[in-house]
Amino acid sequence: MSIVQIRDKSFRTFIPEDDILRRVKDVAEKINHDLADKNPLFLAVLNGSFVFAADLMRFINIPCEISFVKLASYQGTASTGEVKEIFGVNEDLQGRTVVIVEDIVDTGRTMKRMLESLGTRGPESLHICTLLLKPKNLEVPLNIEYVAMEIPNDFIVGYGLDYDQQGRNLRDIYVVDE
């Protein structure tokens, strides 16, 4: 176990990179099976999901596309409760199978807003794929079909997730060391 210091907080190893990659591969295999005949559009939510999306795409072996959207609802270590769409989707979603790729689903409010927004563009179907899910924090009902890992309500960093924009480059996932 290693400890890293980011700004005013210490973090300890929570999920090693090897475990993360094994779970990402498992999720990709399920998507490959479920959406084999669909040519899905993967819509990765920036900034946090960029590492997960890159690794996930390397395990996807069906025809597909990827694009990016940037939403924000976090400040520091807590959700602000207000979703701010910074830039959106330029692709035509009419009749498309869309897989939203998220780093973490916490309260679910960001995902609910995104589903509502994308649903107005006529996709054939919308699917949620997340690296991490905090099931005890969900405030809205969501059908999350592809979950790499469920975690408790701890603040984490690494593998794309940040603390005040720092720590995204860490290969493992770390948890606050109280």
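The values are calculated or read from the model by the stated rules, or taken from the named source; none is laboratory data. Computed from a predicted structure; not experimentally measured. Backbone-built Cβ (ideal geometry, glycine too); neighbour counts: all protein chains shown. Please note that ligands, DNA and RNA were not included when accessible areas were found on the heavy atoms of the full protein model with its side chains. Shrake-Rupley method; radii C 1.70, N 1.55, O 1.52, S 1.80 Å.
Since Phe14 meets every condition but one in (1) without any contact (Cβ under 8 Å) to a residue 60 or more places away in the chain; (2) open to solvent by 30 Å² or more (accessible area, probe 1.4 Å), which condition does it not meet?
(1)
Take Val105 and tell me if it is open to solvent by less than 10 Å² (accessible area, probe 1.4 Å) and either under 20 Å from Phe68 (Cβ atoms) or at pLDDT below 95 (or both).
Yes: the conditions hold for Val105.
Just need a number here: residues in the range 122-146 that are over 16 Å from Phe50 (Cα atoms), aliphatic (A, V, I, L, M) and either touching a Phe, Trp or Tyr at 6+ places or on another chain (Cβ under 6 Å) or assigned to a strand (DSSP E or B) (or both).
Total meeting the criteria: 2.
Considering only the range 26-54, state which residues are within 18 Å of Ile151 (Cα to Cα) and either assigned to a helix (DSSP H, G or I) or open to solvent by 60 Å² or more (accessible area, probe 1.4 Å) (or both).
Passing the criteria: Asp26, Val27, Phe52.
Output the residue which, of all residues in the range 158-171 that are under 13 Å from the mean Cα position of the chain (by Cα) and in a strand (DSSP E or B), is farthest from Ile6 (Cα to Cα).
Restricting to residues being under 13 Å from the mean Cα position of the chain (by Cα) and in a strand (DSSP E or B), the top hit is Leu161.
Among the residues of the range 134-147, write down those that are open to solvent by 10 Å² or more (accessible area, probe 1.4 Å) and touching a strand residue (DSSP E or B) at 6+ places or on another chain (Cβ under 6 Å).
Hits for the range 134-147 are Pro135, Ile144, Glu145, Val147.
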